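Data first, discussion second: the structure below is written as structure tokens.
The values are calculated or read from the model by the stated rules, or taken from the named source; none is laboratory data. The structure displayed is predicted, hence computed values, not measured ones. A quick note on method: Cβ atoms are made from the backbone with ideal geometry, for glycine too, and the neighbour counts reach across all protein chains shown.
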Amino acid sequence: MIRTILTFDVPLDRIDSILDAYEREDILQRSMDEAGGVAADISVATDGSGRVLVTALWPDEAAYQRWVDNPFRAESNGRLGELMNGVVGVGQTFRVMSGAEG
């Protein structure tokens, strides 16, 4: 399993617009449906910093690469970039080594 994490710092007055765009364009669900992901979510920091965290779980690197190569991803990234005034996110990929569920 692979977990991807994307963080970006958004001006507080833009957070609702970003969340609305993710929902309106169904970005998380499309990433799962079109690339074979397992789960995805978007979270906002509780400290009022404007930091947004997007995480996704993929069965393997090939599934994540399908999402990276997906034309919709490139298009939606462009639209999100406009909403974020050029804020660039920092992404990282991890291999899941162990886990638990409650």
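Worth a mention:
- Hits in the range 28-56 (condition: in contact with a Gly (Cβ under 7 Å, 6 or more places away or on another chain) and closer than 17 Å to PHE94 by Cα): ALA56
- Selection status of ASP60, surrounded by fewer than 13 Cβ atoms within 10 Å (Cβ to Cβ), over 21 Å from PHE94 (Cα atoms) and over 13 Å from the mean Cα position of the chain (by Cα): no
To keep it simple, each residue is scored yes or no on (1) without any contact (Cβ under 8 Å) to a residue 60 or more places away in the chain; (2) closer than 15 Å to MET1 by Cβ; (3) surrounded by 15 or more Cβ atoms within 10 Å (Cβ to Cβ).
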site: LEU19; (1), (2), (3): yes, no, no
site: GLN29; (1), (2), (3): yes, no, no
site: SER43; (1), (2), (3): yes, no, no
site: ASP47; (1), (2), (3): yes, no, no
site: ARG51; (1), (2), (3): yes, no, yes
site: ASP69; (1), (2), (3): yes, no, no
site: MET84; (1), (2), (3): no, no, yes
site: MET97; (1), (2), (3): yes, yes, no
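- Taken across the range 84-102, residues that are closer than 22 Å to PRO11 by Cα and acidic (Asp, Glu) do not occur at all.
Okay, residues lined up against (1) in a loop (DSSP other than H, G, I, E, B); (2) polar (S, T, N, Q); (3) in contact with a helix residue (DSSP H, G or I) (Cβ under 8 Å, 6 or more places away or on another chain):
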| residue | (1), (2), (3) |
| --- | --- |
| ASP13 | no, no, no |
| GLY48 | yes, no, yes |
| VAL52 | no, no, yes |
| ALA56 | no, no, yes |
| PHE94 | no, no, no |
| GLY102 | yes, no, no |
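- Test set (1) buried (at least 17 other Cβ atoms within 10 Å of the Cβ); (2) in a helix (DSSP H, G or I) - ASN77 fails condition number: (1)
- Taken as a whole, the range 28-51 holds no residue that is basic (Lys, Arg), over 14 Å from the mean Cα position of the chain (by Cα) and modelled with pLDDT of 90 or more.
- Residue in the range 37-55 that is closer than 15 Å to LEU80 by Cα and either in contact with a Cys (Cβ under 7 Å, 6 or more places away or on another chain) or hydroxyl-bearing (Ser, Thr, Tyr) (or both) present: no
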